[in-house]
Each structure stands twice: as structure tokens, then as C-alpha cells.
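Take a look at this one; I'll ask things after.
The values are calculated or read from the model by the stated rules, or taken from the named source; none is laboratory data. It should be emphasised that the depicted structure is a prediction, and the values quoted were computed from it without experimental measurement. Backbone-built Cβ (ideal geometry, glycine too); neighbour counts: all protein chains shown.
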Amino acid sequence: MLEGHRAIFLIGCGECATQCCTGGEREVAAMAQLLKGHGKDIVGSAIPQAPCVAAQVKKELAQHAKALQAADAVLVLACGLGVQTVKDNERKGIAIIPACDTLFGASLDSKGNFYEKCSLCGECVLDLTAARCPVTLCPKGMRNGPCSGVNNGKCEIDNDMDCVWVLIYQELAQKGKEGALKKIQKPRNFKKTAKPRKLIFH
Ligand code: SF4
Ligand code: SF4
């Protein structure tokens, strides 16, 4: 992706990419060394706390305006949101290039592991499902479950994984609320996830 580009400015991420070890201080420094070894000039670098936030990106771009003048590409070690926020706020037309592949929006456990827990569906059912998301934790995204493939409490797609619908049932049953599952959930309204989505406040 950097072929034809010689002077590179690096942008990392102080949040998720730091946690993932794909775009923190250490990885930005390692990338700079790697690229120098391939004959590239590293004209500067910045690590906004959250490069998906336009205000932070604007501030960093302004602070590094001189270095950016010398750059013919910006390599962003962040998720696709960070890459595109840099793209939207860089005014000189410099090539913006992604260094990472983005997998999913995640919650982080205390050991630093990432887990996909929500598919951002816009029709939350966690109030009915003991705060476990069937849209995401069931590989079929079933809003009424379990499916007929459940096997001794395990998921037919992955035998090592508990069927989330069994977990939901067990937890509700402990509280005497399993009757709530008799109510059939309507199919999802996929218009709510039609892309690109936006929330305009100003
Ligand atoms: S139902 Fe699941 S995917 Fe939808 S908003 Fe709630 S947690 Fe997210
Ligand atoms: S076994 Fe359970 S988790 Fe697996 S696909 Fe069926 S309903 Fe979903």
C-alpha cells in the first residue's frame, strides 16, 4: 500500500489499538523502524487518544502541520473509524492508508481480551434476555431461540460454546421469569441497520 510513497507520517491510537497492540506507542515506533529499513522517510508521528474523534484528530493534525507538509502519505494504525476520521479531517489531500484490519466493536475484559457482545442492531432486547445478546452471541442471530440444533446446552455451530439461549433460559428460570420467553419476538427491522447510519445533532 505504501508503494510509490516515500515520506510517511504515522498516526496511532491511544485506546483500542493500544490495547490490541496494533497501534500504540510501541507499535508506531516499531512500524517507523520497519519502514526506515525499507527506505521510507518517517517525517513524524502522533497518537491521539481516540483517532475516531474528529476534534482530537484536528488538534493533532494542526500540531504536526509542518511535518505533514513534508508527508506524501499518512499511515494510520487504528481501526477503520480512525482511518476515515483522519481522511475527513486532513485538508491537504495526502494519501491516507490503513495499517490495520478492523474486526468488530468489542468489550474488553480485565485481562485485556476483546469480545464481540453487541451488533449495534438498534432494537435492543437485553431487557428480555437476562442482558445477554442473542443477536450477537448466537451465530444465527436468533431473536427466538434456541434453534433445533442445540446439543446438551452447546451450540451446534461451535460445540465448545454454550448456546446463549440456554444460558438466557437458565438465568430467567432461576428468577422465575422464564415465562417471558413465550412471547415471540418479531423479526428484526433491518431498515435500522441499513448503512450508512448516522445520528445528526448539529
Ligand atoms: S440486541 Fe444485541 S445487538 Fe441489538 S442493541 Fe442489544 S446488545 Fe446490541
Ligand atoms: S444452538 Fe443456540 S447459539 Fe447455536 S445457533 Fe442454535 S440458538 Fe444459536
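Can you find a residue that is out of contact with any His (no Cβ under 6 Å at 6 or more places or on another chain), without any contact (Cβ under 8 Å) to a residue 40 or more places away in the chain, of a type in the set (D, E, K, R) and more than 17 Å from residue 85 (Cβ to Cβ) anywhere in the stretch 11-29?
yes
Taking the conditions exactly as written (more than 16 Å from ligand 2 (Cβ to nearest atom), surrounded by 13 or more Cβ atoms within 10 Å (Cβ to Cβ) and modelled with pLDDT of 95 or more), does residue 88 satisfy them or not?
no
Of the conditions (1) touching an Asp or Glu at 6+ places or on another chain (Cβ under 6 Å); (2) surrounded by fewer than 18 Cβ atoms within 10 Å (Cβ to Cβ), residue 48 satisfies every one except a single condition; which number is it?
(2)
Another question about this same structure. Select from the stretch 142-179 the residues that are under 26 Å from residue 193 (Cα atoms) and either outside any loop (DSSP other than H, G, I, E, B) or touching a residue at least 40 places away in the same chain (Cβ under 8 Å) (or both) and list them in ascending order.
143, 144, 164, 165, 168 - these are the residues of the stretch 142-179 that are under 26 Å from residue 193 (Cα atoms) and either outside any loop (DSSP other than H, G, I, E, B) or touching a residue at least 40 places away in the same chain (Cβ under 8 Å) (or both).
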